[in-house]
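Here is the structure we will look at, set down as structure tokens.
The values are calculated or read from the model by the stated rules, or taken from the named source; none is laboratory data. Because the structure is predicted, anything quoted here is derived from the model rather than measured. Neighbour counts are summed over all protein chains in view; Cβ atoms, including those assigned to glycine, are modelled from backbone coordinates with ideal geometry.
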Amino acid sequence: MSEALLQVQAIDVAYGDIQVLHQLSFEVREGEIVTLLGSNGAGKTTTLRAITGLRPPSAGDIRFRGQSLQAVPPAARASLGMALVPEGRELWAQLTVRENLELGAYGPQARPHIGRNLERVFTLFPRLAERQKQVAGSLSGGEQQMCAIGRALMSEPSFLMLDEPSLGLAPLLVDQVMKTIAELHAGGITILLVEQNLHRALEVSQRGFVIETGRLRLQGSSAELAENPEIRAAYLGL
Amino acid sequence: MERFIDLAVSAVLLAGLYATMAYGLGMIYGVLRVVNLAHGGVIMAGAYMGWVLHGRLGLDPYLSIPLVVGASYLLGVGMYKVLVRHLPRGAAGGPASLLLLFGFWLVLRNAAYLLFTGNDQSITTTWSTRSVALLGTHISATRLAVLGVGVLVPLGLHALLRHTHLGRAIRAVAQNPDSCTLVGVDVERIYTITFGLGTALAGLAGLLSATIFAFNPGSGSGELLKSFVVVVLGGLGSVLGTGIAALILAVVEVFAILVMPSYLTAAVGFIMLVLVLVIRPGGLFGHRVLG
């Protein structure tokens, strides 16, 4: 079994007085594609915000490649090789597609390779090449999702987190996004996928965790989770 | 007709100054969502910096531009690091930041009273009284120089914002700071630089204004008001919008002399501000930030 790339160790995260995550622990190993599952408000997005440093944990530790992230400022974490495709894309709506992508390579280690990575992203999403001079706010939902994934890829991450990438997309586009995620994983990127669309998420991933009100509830291989009666009842409506 | 051309030329020349003045205010608000009420105080401070450099060291005000801009930038960085950084931002931070920055203005003003007394001053150089014949009218050389700087500086900023990594990061922070952190932009650093740049522009505007108008430690409130009018009219940090809005304000002010007593022309900017807020609260050119 390969080594742990990301170790989340008993973290607590609170917004003011409201504690969202309680002693949450899990691991993602090098080369894996893992899904973090849970209903609305379970703490999935908060978990990703803790990993990226936008909402640092009040207790516990997060390690990336064995190094504690406590002393790593959020803006320096992209340079370690992690990238997030945030929920709701969070693009810079008034900047062009190309500017959005170029900013994805803002970190010192990524900047020299802007040209090469732009080409990679445009090969992956030819639509973005056509629209590169348009402002991102004028793109359709699917194109915005491509742009958000493209922006995250511009820093050549070894670890990619995606927060509800299928949210608000038509089924055909969801297929495309999931296919892209599978391709990126096949290309060697370790992936942590956060989804409400449990069915699709378990199809594409190898393992999964279920969190409920900020606590780890269940974990197992995707096949096991898909067969788990509790999950089938709670999330799949079966 | 000659009178008309005279007035039109004065309006255009004044517009360059107004654009420089307003751009700093718009930039800081656009990126940090903080209304820099100390803007007028920094304009006044810029005027005194130029006055001291000219009076003590005999430095021509146009040669002292880099010094005044540099000093004002550092003043802005200091203001951000010591004061503004600790304030709540956006709608929630409104009252706190307004009061604090207004207080800072009072400190600047009273420091100037202590250092320079309340007397009116101006910067007069050997070429202050020279003029250039153009379009059948005579244009003062200083006003022409002010216009030149007032056009070049916003164009330079536009190039910075459009074509550099730093500029793109500044525009992106204005729209979505969290996404900036995710791609490795140190948002605090961008806030510091932006506050410094906005303050540097205010200092520059003060220096330019001092070569045309008299000033004293109480100066700056009229300039702040005019900056507000231009920002509200022209949008936040849109270079073209700011330029056009500055021109509109200058034209209206200058031509108001024809129809109302001169002591009322100062109110023109205020009337325009109210009209714009009522009729087009989003500004003449929509909501684009820093484009």
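Within the set A:Arg55, A:Arg49, the sole residue that is more than 27 Å from A:Gly188 (Cβ to Cβ), surrounded by 17 or more Cβ atoms within 10 Å (Cβ to Cβ), touching a strand residue (DSSP E or B) at 6+ places or on another chain (Cβ under 9 Å) and basic (Lys, Arg) turns out to be A:Arg55.
Any idea which residue in region B:174-196 is farthest from the other protein chains (Cβ to nearest Cβ), counting only those that are of a type in the set (A, V, I, L, M, F, W, C) and out of contact with any Phe, Trp or Tyr (no Cβ under 7 Å at 6 or more places or on another chain)? I'd like the intermediate steps shown before the answer.
From region B:174-196, those of a type in the set (A, V, I, L, M, F, W, C) are B:174, B:180, B:182-183, B:185, B:187, B:190, B:193, B:195; that's our starting set.
Adding the requirement that they be out of contact with any Phe, Trp or Tyr (no Cβ under 7 Å at 6 or more places or on another chain) leaves B:174, B:180, B:182, B:187, B:190, B:193.
Numbers: B:Ala174: 9, B:Cys180: 8, B:Leu182: 5, B:Val187: 7, B:Ile190: 10, B:Ile193: 14 Å.
Among those residues, the one meeting the criterion is B:Ile193.
State yes or no: is A:Leu202 surrounded by 18 or more Cβ atoms within 10 Å (Cβ to Cβ), among the hydrophobic types (A, V, I, L, M, F, W, C), in a helix (DSSP H, G or I) and in the same structural domain as A:Thr46 (by TED's automatic domain parsing)? Yes: the conditions hold for A:Leu202. Here B:Ile190 does not qualify as touching a residue at least 24 places away in the same chain (Cβ under 8 Å), of a type in the set (A, V, I, L, M) and closer than 17 Å to B:Ala145 by Cβ. Exactly one residue among B:Ser122, B:Ser128 is surrounded by fewer than 19 Cβ atoms within 10 Å (Cβ to Cβ) and either modelled with pLDDT of 90 or more or within 14 Å of chain A (Cβ to nearest Cβ) (or both), and that residue is B:Ser122. Being within 24 Å of A:Ala226 (Cβ to Cβ), surrounded by fewer than 17 Cβ atoms within 10 Å (Cβ to Cβ), in contact with a Ser or Thr (Cβ under 6 Å, 6 or more places away or on another chain) and not β-branched (Val, Ile, Thr) is a property that A:Gly41 lacks.
Considering each residue of region B:22-41 in turn, none proves to be part of a helix (DSSP H, G or I) and free of Cβ contacts under 8 Å to residues at least 12 places away in the same chain.
Could you pull out the residue among B:Ala111, B:Ala91, B:Ala96 that is surrounded by 14 or more Cβ atoms within 10 Å (Cβ to Cβ), over 20 Å from the mean Cα position of the chain (by Cα) and at pLDDT below 95? It would help to see each step written out before you state the result.
Values: B:Ala111 fails: at pLDDT below 95; B:Ala91 fails: surrounded by 14 or more Cβ atoms within 10 Å (Cβ to Cβ).
Checking each option against the conditions leaves just B:Ala96.
Across region A:157-179, the number of residues qualifying as modelled with pLDDT under 95, within 24 Å of A:Val28 (Cβ to Cβ) and either in the same structural domain as A:Glu102 (by TED's automatic domain parsing) or aliphatic (A, V, I, L, M) (or both) comes to 4. Condition test on B:Leu155, is it more than 8 Å from chain A (Cβ to nearest Cβ), touching a residue at least 12 places away in the same chain (Cβ under 8 Å) and over 16 Å from A:Leu54 (Cβ atoms)? Yes; evaluated as a whole, the condition is true for this residue. Listed conditions (1) touching a residue at least 12 places away in the same chain (Cβ under 8 Å); (2) surrounded by fewer than 20 Cβ atoms within 10 Å (Cβ to Cβ) are all met by B:Gly167, apart from (1). Assess whether B:Leu144 counts as being within 27 Å of B:Pro217 (Cβ to Cβ) and either under 18 Å from the mean Cα position of the chain (by Cα) or among the hydrophobic types (A, V, I, L, M, F, W, C) (or both). Against the criterion (within 27 Å of B:Pro217 (Cβ to Cβ) and either under 18 Å from the mean Cα position of the chain (by Cα) or among the hydrophobic types (A, V, I, L, M, F, W, C) (or both)), B:Leu144 does not qualify.
Within region A:9-30, is even one residue part of a loop (DSSP other than H, G, I, E, B) and either touching a helix residue (DSSP H, G or I) at 6+ places or on another chain (Cβ under 9 Å) or under 28 Å from A:Ala129 (Cα atoms) (or both)? Looking through region A:9-30, none of the residues is part of a loop (DSSP other than H, G, I, E, B) and either touching a helix residue (DSSP H, G or I) at 6+ places or on another chain (Cβ under 9 Å) or under 28 Å from A:Ala129 (Cα atoms) (or both). Looking only at region B:198-219, decide whether some residue is away from every other protein chain (no Cβ under 14 Å), surrounded by fewer than 18 Cβ atoms within 10 Å (Cβ to Cβ) and among the small types (Gly, Ala, Ser). The answer is yes; a qualifying residue exists.
Scanning region B:46-57 turns up no residue that is at pLDDT below 90 and basic (Lys, Arg).
Across region A:49-79, the qualifying residues are those that are in a helix (DSSP H, G or I) and more than 10 Å from chain B (Cβ to nearest Cβ), and the one among them that is farthest from the chain's Cα centre (by Cα) is A:Ala50. Of the residues making up region A:89-101, those that are facing chain B (nearest Cβ under 7 Å) and either in a helix (DSSP H, G or I) or more than 21 Å from A:Glu164 (Cβ to Cβ) (or both) are A:Gln94, A:Leu95, A:Glu99. Considering (1) closer than 15 Å to B:Ser221 by Cα; (2) modelled with pLDDT of 95 or more, the lone condition that B:Leu74 does not fulfil carries the number (1). Please verify whether B:Arg162 is at pLDDT below 85, surrounded by fewer than 18 Cβ atoms within 10 Å (Cβ to Cβ) and either under 26 Å from A:Leu153 (Cα atoms) or not β-branched (Val, Ile, Thr) (or both), treating the condition exactly as stated. When the stated conditions are applied, B:Arg162 does not pass them. Name the residue that is farthest from the other protein chains (Cβ to nearest Cβ), counting only residues in region A:107-122 that are under 21 Å from the mean Cα position of the chain (by Cα) and at pLDDT 95 or above. Within region A:107-122, the match that is farthest from the other protein chains (Cβ to nearest Cβ) is A:Phe122.
Considering only region B:1-21, state which residues are under 24 Å from B:Thr199 (Cβ atoms) and either assigned to a loop (DSSP other than H, G, I, E, B) or among the polar types (S, T, N, Q) (or both).
Keep residues of region B:1-21 that are under 24 Å from B:Thr199 (Cβ atoms), which gives B:14-21.
Scanning region B:1-21 gives a single hit, B:Thr20.
Inside region A:77-96, can you point out the residues that are on the phi > 0 side of the Ramachandran plot and surrounded by fewer than 24 Cβ atoms within 10 Å (Cβ to Cβ)? Matches in region A:77-96: A:Gly81, A:Gly88, A:Glu90.
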